[in-house]
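The values are calculated or read from the model by the stated rules, or taken from the named source; none is laboratory data. Remember, it's a predicted structure, so these values are computed and weren't measured experimentally. Because the Cβ atoms are built from the backbone with ideal geometry, glycine has one as well, and the counts that use them run over all protein chains shown.
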């Protein structure tokens, strides 16, 4: 990659609690992330890990507490609303629920046209032509431009949301679980569409999700989040072939594989308890309270750093990864079970 479209350094987002409670919610607690030209990076983790907050901070729908966000080298961390208007054509977001983000009083054609009108990119006949082209590109029939959001199916609404986001031809698209609210068959169609559009238009993409099969299908590189921090990051092939962090291993063990015979013999890593509260995260490694192989007091006292553990850009933050890159074998712990043992 010749240029990083996005560079995020030590991003933090804390939400203040009422004075009576004190403290704050550490939704994002020091995230580093880069996305190259034309690259698709997946951001995965459990609900509550801070994935969506990262995405909203990047596009400045939320104000970061600390850190820097650079788009094409330009620092937009503290950019004013007027300054952001000039970079909105460079970054757009696709949301999880398309219905709540489409104006119910506007037709689909007007919704897709609005960004181009606001940024004065087209008007008149040229605008009509571009709207028709965008609807065709996302697989919506031309007559649907006169429909309202409530008259479309969930998949059609998400396609309309994609058309709206891509109408300004952004260089960065943040997709926040864009198919999780759709039926499985519709998910596949929308994902194929997103992949085709990314290949044809060449935009970079941060794909936020929790479905590992989707991430493996779509992404070039994957970052795994836990309790506001990235605990592992590497290219998709290496992540699925040889995960290093115990949390990543547990996520992959829970993913269903399409081979029934293999699925029956797989060992699932069962994590104990729930993800800790971001109001009062654990000391040391934040995963140590659920980690099957945690070694105390090392893991509870000292916070591991995100470092290259293999010398081949495989980043992980775990005290138990050896100098030669060997990961702890979580399947040897007492918290494993056969994938089908409870069926």
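Among what's in region 123-167 and is part of a loop (DSSP other than H, G, I, E, B) and in contact (Cβ under 8 Å) with a residue 12 or more places away in the chain, pick the residue that is nearest to residue 88 (Cα to Cα).
In this case the residue turns out to be 167.
If you go through region 252-260 one residue at a time, do you hit one that is without any contact (Cβ under 8 Å) to a residue 40 or more places away in the chain, under 30 Å from residue 289 (Cα atoms), in contact with a helix residue (DSSP H, G or I) (Cβ under 9 Å, 6 or more places away or on another chain) and not in a helix (DSSP H, G or I)?
yes
Any residue at all in region 267-280 that is at pLDDT 95 or above and in contact with a strand residue (DSSP E or B) (Cβ under 9 Å, 6 or more places away or on another chain)?
No, region 267-280 contains no residue that is at pLDDT 95 or above and in contact with a strand residue (DSSP E or B) (Cβ under 9 Å, 6 or more places away or on another chain).
Considering region 170-193 alone, what residues qualify as being crowded, with 16+ Cβ neighbours inside 10 Å and either touching a strand residue (DSSP E or B) at 6+ places or on another chain (Cβ under 7 Å) or part of a loop (DSSP other than H, G, I, E, B) (or both)?
170, 171, 172, 173, 174, 175, 176, 177, 178, 179, 181, 182
Could you list all residues from region 194-231 that are more than 24 Å from residue 90 (Cβ to Cβ), out of contact with any helix residue (DSSP H, G or I) (no Cβ under 8 Å at 6 or more places or on another chain) and not in a loop (DSSP other than H, G, I, E, B)?
Selection gives 213, 229.
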